[in-house]
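**Student:** Have a look at this one.
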Amino acid sequence: LPLFERLERRIIDGERTGLEADLDAAMEQKPPLDIINENLLAGMKVVGDLFGSGQMQLPFVLQSAEVMKAAVAHLEPHMEKNDAGGKGKLLLATVKGDVHDIGKNLVDIIVSNNGYDVVNLGIKQPINAILEAAEEHQVDAIGMSGLLVKSTVIMKDNLREMNERGVAAKYPVLLGGAALTRTFVENDLDEVYEGDVRYAKDAFEGLHLMDRLMA
Ligand code: B1M
């Protein structure tokens with residue numbers, strides 16, 4: 001297979017051997033972010049479709065996710081870094097009950113490469129832990145990620161909890177992840193939250209929202 005198709009195929013097949021060499025060759029032809037967006041994420045999309053239609057079993061999805069993570073880790077040091085930092089602080093967490101973190105970690109990379117400090121709490125984070133860390137690190141915004149449909153319900157509960165604790169005015173919230181839609185966030189959740197809640201379709205929209213919030 002040609003190089004870029006092979007990279008996509010590596011994600012689908014969970015094939016790691018030789019990954020770094022292929023990525024190095026790919027970086028001679030285009031920037032690391034384009035490799036992620038155009039080739040690696042295309043592979044993850046196929047994985048999602050195969051899994052969703054019952055043609056791929058979970059252990060193989062896990063392998064694909066691991067190759068994806070290894071690839072991003074290899075590319076990350078080669079990415080352009082625009083600013084020194086200090087533009088603002090974003091807390092990131094995958095919500096309670098949800099282990100998906102590839103998207104959240106991409107948001108971390110993009111946002112922190114563009115001048116923000118990111119506190120990345122990891123996966124399965126209950127609202128308590130999120131709010132404690134937000135307070136401890138004095139963040140400017142809270143970003144929650146979730147890929148399961150049930151995570152959208154958790155996000156709604158989290159926003160209600162934030163209202164009750166009186167922190168809505170303090171923390172603008174960014175939400176992202178494949179289970180969300182813009183309409184759900186901008187209509188349903190916006191109605192729930194007493195503060196500012198925004199939907200980010202991808203990591204770049206997350207960055208733009210931070211730029212707007214901190215302007
Ligand atoms: Co899971 N999984 N999974 N999975 N998995 C999905 C989400 C699913 C849609 C697959 C499917 O059925 N087609 C489905 C959810 C169905 C639903 O809820 N309706 C599903 C399921 C069912 C499950 C399990 C329940 C399976 C099981 O156990 N039977 C289980 C759940 C475990 C749990 O969470 N409690 C499970 C487990 C796993 C793995 C562990 C094997 C693995 C995750 C590994 C990991 O993340 N470390 C995995 C994977 C890889 C997927 C798919 C195939 C790919 C997800 C991914 O990484 N995509 C996924 C299929 C899909 O999403 N269609 C699927 C690439 C990533 C870059 O995209 O995270 O969407 P994404 O991020 C995007 C944007 O959404 C956005 O930016 C990114 C792009 O720039 N974004 C943000 C994300 N977060 C953001 C936050 C922001 C801003 C933007 O600001 C805060």
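**Student:** Could you order peptides 183-195, 48-60 by the average number of other Cβ atoms within 10 Å of their residues, highest first?
**Tutor:** In descending order of packing, they fall as 183-195, 48-60.
**Student:** Sort Val153, Val95 by Cβ crowding within 10 Å, fewest neighbours at the top.
**Tutor:** Exposure proxy ranking, most exposed first: Val153, Val95.
**Student:** If you don't mind, another one. Assigning unit charges at the beta carbon (Lys, Arg +1; Asp, Glu -1) and nothing else, what dipole magnitude in debye, to the nearest 20, does the chain show about its Cα centre?
**Tutor:** Around 300 debye, computed over the chain.
**Student:** Something else about it: Nearest 500 deg cm²/dmol is fine: what mean residue ellipticity at 222 nm does the chain get from its DSSP H runs of n ≥ 4 alone, each adding -39,500 (n - 2.57), divided by its residue count?
**Tutor:** -14500 deg cm²/dmol
**Student:** Name the residue farthest towards the positive end of the dipole of the chain from the options Gly206, Met68, Leu58, assuming +1 on Cβ of Lys and Arg, -1 on Cβ of Asp and Glu, about the Cα centre.
**Tutor:** Result: Leu58.
**Student:** Compare the Cα positions of Asn37, Val119, Val47 along the charge dipole of the chain (+1 at Cβ of Lys, Arg; -1 at Cβ of Asp, Glu; about the Cα centre) and return the one farthest towards the positive end.
**Tutor:** So the residue furthest toward the plus end is Val47.
**Student:** Additional query: Relative contact order of the chain: what whole-number percent is it, with Cα pairs under 8 angstrom and at least 6 residues apart?
**Tutor:** Answer for the chain is 16 percent.
**Student:** Report, in order of residue number, the helices in the chain meeting two criteria: a C-alpha extent of 30 Å or more along the helix axis, and a mean Kyte-Doolittle hydropathy of at least -1.0; treat each whole DSSP H run as one helix.
**Tutor:** Result, helices passing both filters: zero.
**Student:** Looking only at the chain, where both bridge partners belong to it, what percent of the DSSP beta bridges are antiparallel (to the nearest 5)?
**Tutor:** About 0 percent, rounded to the nearest 5.
**Student:** Normalising by the residue count of region 120-182, find the relative contact order in percent from Cα pairs under 8 Å and 6+ residues apart.
**Tutor:** RCO, region 120-182: 45 percent.
**Student:** If a/c stays under 1.5 just call it rounded; otherwise compare a/b with b/c (prolate if a/b is bigger, oblate if not). Do that for region 101-215, with a ≥ b ≥ c from the square roots of the Cα gyration tensor eigenvalues.
**Tutor:** Taking the square roots of the gyration eigenvalues as a ≥ b ≥ c, region 101-215 is rounded.
Values in this text are rule-based calculations from the coordinates and carry no lab data. Since the model is a prediction, treat every value here as computed from it, not as a measurement. Every residue, glycine as well, gets a Cβ built from its backbone with ideal geometry; the counts of neighbours run over all protein chains shown.
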